[in-house]
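Scroll down for the structure; my scribbles are underneath it.
The values are calculated or read from the model by the stated rules, or taken from the named source; none is laboratory data. Treat the numbers as computed from the prediction; the structure is a model and nothing was measured. Methodologically, a virtual Cβ is constructed for each residue, glycine included, from the backbone with ideal geometry; neighbour enumeration extends over all protein chains shown. Accessible surface is based on the protein model in full, side chains and every heavy atom, while ligands, DNA and RNA are left aside. Shrake-Rupley method; radii C 1.70, N 1.55, O 1.52, S 1.80 Å.
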Amino acid sequence: MSAPPPEIVHLAYTFFPEDVRVKREALAATATGRAVTVVALQRPGEPPEEQIGPLHVVRVPGAKSRRGPGRYLVEYLSFVWHCRSLLASDRRFQRVRVVHVHTLPDFLVWAAMPARRRGARIILDLHEIFPEFAVAKYPGLLGRAAFSIARRIEHLARRRADVTITVNRPIAELLATRAPARPGGERIVLVHNSPDPDELGPLRTPEGRNPTGSLALIYHGTLTHLYGLDVAIRGVAQAVQNGVQARLTILGDGPERNALLRLAEDLGARDAVTFEDPIPAHALRERLIKADAGIVPTRLDVMTRYSLSNKLLEYVHLGVPVLAASLPSYAAYLRSDAAWFWSPGDPANLAQAIGTFAETPPEERRARAARAQADVRDIAWDQERDRLIATYERLLAED
């Protein structure tokens, strides 16, 4: 490794630099003046080590196959073992001062223990809440068993962390109800998954596009059942049947893509629904601002009731009006008149919302988009970044 030995290490069971949260937090860590290394998964053909700007990236073999609980566990454990081996035995990692652990899984904290024994501090960054993820992923008896096990793992992981980071207020409030007994108390820091202007460009003033002609609706991101793209397709198809001129562009890829293509075909909605491949982050801004509205059709379950969609925040940042499923976590941040909300999982209600939006004049579209920006102004990335940097500095200053 030609880079200097790292003092801050990020462990993330993900692909890098595609994971934007890991990337922006690792870049924030470089503001401390310390060398930063990210340890992530290696895809076939990717180099095992690479310098990306100020970040050194070490990739270890692994996969994210989504093939059931047994396979999940094997893949998780393999990654944890590789990370632990690096921190325990690789002499390049002997001077690590802070290990920033990104979940899932929560037991990735175990990989940081060799560095902890040498005096390193540990940050546990809860991207998701593991127990709720488990029960939402596997309903029934398996899910209930997984929930109990995940609660215990979460408890142990939080006890071993010097700082626990959460991504939004609803999750922080939930964690407060099951805080582990820890000497000196638990330090919880909120770092929202807010858009980084360096990635998405500066905050954009809402324009309120002219409502004449066909509505251009857009979704961007991973195509999974959880994110409700089937609901979005059904809703758009029904809106078109109701006489609304609308077209949905689905920009992304994922395990549900073929099923969604078949659904659009079966509904006779191929003219109203277009699929496009993912595009580089630097091109995303110009693509999204061409839309009249962004759709956020996430399903409501025991996990997503605590989720704050980064897609929603990106639309708001770009001044693009939002049509969103009415999740409790969204209501914690946006007023009811800052977007066009509809009942989660209800295509007919989405079709009604699309019809209402189609009839909304440009000045009201602009006003709602501006209200949304005002509602999330206090979680802008520059403030979140400063809070994270201050956390690193405090940990680095501790003996």
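Looking only at the stretch 354-365, decide whether some residue is in a helix (DSSP H, G or I), open to solvent by less than 10 Å² (accessible area, probe 1.4 Å), in contact (Cβ under 8 Å) with a residue 60 or more places away in the chain and not basic (Lys, Arg). Don't jump to the end; show me each part of the working.
We begin by selecting, within the stretch 354-365, every residue in a helix (DSSP H, G or I); these are 354-359, 362-365.
Within this subset, residues satisfying the condition of being open to solvent by less than 10 Å² (accessible area, probe 1.4 Å) are 354, 357, 365.
Adding the requirement that they be in contact (Cβ under 8 Å) with a residue 60 or more places away in the chain leaves 354, 357, 365.
With not basic (Lys, Arg) added as a condition, the list becomes 354, 357.
Yes: one or more hits.
Return the total of residues in the stretch 60-76 being in a strand (DSSP E or B) and either open to solvent by 30 Å² or more (accessible area, probe 1.4 Å) or hydroxyl-bearing (Ser, Thr, Tyr) (or both).
Of the stretch 60-76, the ones in a strand (DSSP E or B) are 60-61.
Subset that is either open to solvent by 30 Å² or more (accessible area, probe 1.4 Å) or hydroxyl-bearing (Ser, Thr, Tyr) (or both): 61.
Summing the residues that are in a strand (DSSP E or B) and either open to solvent by 30 Å² or more (accessible area, probe 1.4 Å) or hydroxyl-bearing (Ser, Thr, Tyr) (or both) in the stretch 60-76 gives 1.
Restricted to the stretch 281-328, and to residues that are polar (S, T, N, Q) and under 13 Å from the mean Cα position of the chain (by Cα), which residue is farthest from Gln373 (Cα to Cα)? Give the steps one after another, and end with the answer.
Initial filter on the stretch 281-328 (polar (S, T, N, Q)): 298, 304, 307, 309-310, 326.
When the remaining residues are screened for being under 13 Å from the mean Cα position of the chain (by Cα), the result is 298, 304, 307, 309-310.
Values: Thr298: 21, Thr304: 22, Ser307: 18, Ser309: 15, Asn310: 14 Å.
The residue in question is Thr304.
Provide a single number: the residues in the stretch 246-293 that are in a helix (DSSP H, G or I), open to solvent by less than 40 Å² (accessible area, probe 1.4 Å) and touching a helix residue (DSSP H, G or I) at 6+ places or on another chain (Cβ under 6 Å).
Residues flagged as in a helix (DSSP H, G or I), open to solvent by less than 40 Å² (accessible area, probe 1.4 Å) and touching a helix residue (DSSP H, G or I) at 6+ places or on another chain (Cβ under 6 Å) within the stretch 246-293 amount to 3.
Counting only residues that are touching a residue at least 24 places away in the same chain (Cβ under 8 Å) and part of a strand (DSSP E or B), which one in the stretch 47-59 is nearest to Ile279 (Cα to Cα)?
Out of the qualifying residues, it is Ile52.
Of these, His100, His56, which one is surrounded by 19 or more Cβ atoms within 10 Å (Cβ to Cβ) and under 19 Å from the mean Cα position of the chain (by Cα)?
On inspection, the qualifying residue turns out to be His100.
Run down Ala31, Ala26, Ala12 and say which single residue is assigned to a helix (DSSP H, G or I) and closer than 19 Å to Leu126 by Cβ. Don't jump to the end; show me each part of the working.
Details: Ala31 fails: closer than 19 Å to Leu126 by Cβ; Ala12 fails: assigned to a helix (DSSP H, G or I).
Of Ala31, Ala26, Ala12, the one residue that is assigned to a helix (DSSP H, G or I) and closer than 19 Å to Leu126 by Cβ is Ala26.
Are any residues in the stretch 2-26 open to solvent by less than 10 Å² (accessible area, probe 1.4 Å) and under 14 Å from Gly62 (Cβ atoms), and if so, which ones?
Across the stretch 2-26, the qualifying residues are Leu11, Ala12, Phe16.
Name, by its number, the condition in (1) without any contact (Cβ under 8 Å) to a residue 40 or more places away in the chain; (2) within 20 Å of the chain's Cα centre (by Cα); (3) open to solvent by 50 Å² or more (accessible area, probe 1.4 Å) that does not hold for Pro44.
(2)
Out of all the residues in the stretch 315-330, which are touching a strand residue (DSSP E or B) at 6+ places or on another chain (Cβ under 8 Å) and open to solvent by 10 Å² or more (accessible area, probe 1.4 Å)?
Pro321, Ser326 - these are the residues of the stretch 315-330 that are touching a strand residue (DSSP E or B) at 6+ places or on another chain (Cβ under 8 Å) and open to solvent by 10 Å² or more (accessible area, probe 1.4 Å).
Only residues that are among the acidic types (Asp, Glu), open to solvent by 10 Å² or more (accessible area, probe 1.4 Å) and not in a loop (DSSP other than H, G, I, E, B): list them for the stretch 369-399, please.
Of everything in the stretch 369-399, those that are among the acidic types (Asp, Glu), open to solvent by 10 Å² or more (accessible area, probe 1.4 Å) and not in a loop (DSSP other than H, G, I, E, B) turn out to be Asp375, Asp378, Asp382, Asp386, Glu393.
Can you confirm whether Leu174 is farther than 21 Å from Leu300 by Cα and at pLDDT 90 or above?
no
Select from the stretch 156-187 the residues that are of a type in the set (Gly, Ala, Ser) and in contact (Cβ under 8 Å) with a residue 40 or more places away in the chain and list them in ascending order.
Once the filter is applied, which keeps residues that are of a type in the set (Gly, Ala, Ser) and in contact (Cβ under 8 Å) with a residue 40 or more places away in the chain, the stretch 156-187 yields Ala157, Ala161.
Exactly one of (1) open to solvent by less than 30 Å² (accessible area, probe 1.4 Å); (2) in contact with a His (Cβ under 7 Å, 6 or more places away or on another chain) is unmet by Val296. Its number?
All conditions pass for Val296, except number (2).
Looking only at residues that are of a type in the set (Gly, Ala, Ser) and in contact (Cβ under 8 Å) with a residue 24 or more places away in the chain in the stretch 15-41, which one is nearest to Ala3 (Cα to Cα)?
Once the filter is applied, the top-ranked residue is Ala35.
In the stretch 216-230, what residues are open to solvent by 10 Å² or more (accessible area, probe 1.4 Å) and not small (Gly, Ala, Ser)?
Selection gives His220, Thr222, Thr224, His225, Leu226, Tyr227, Asp230.
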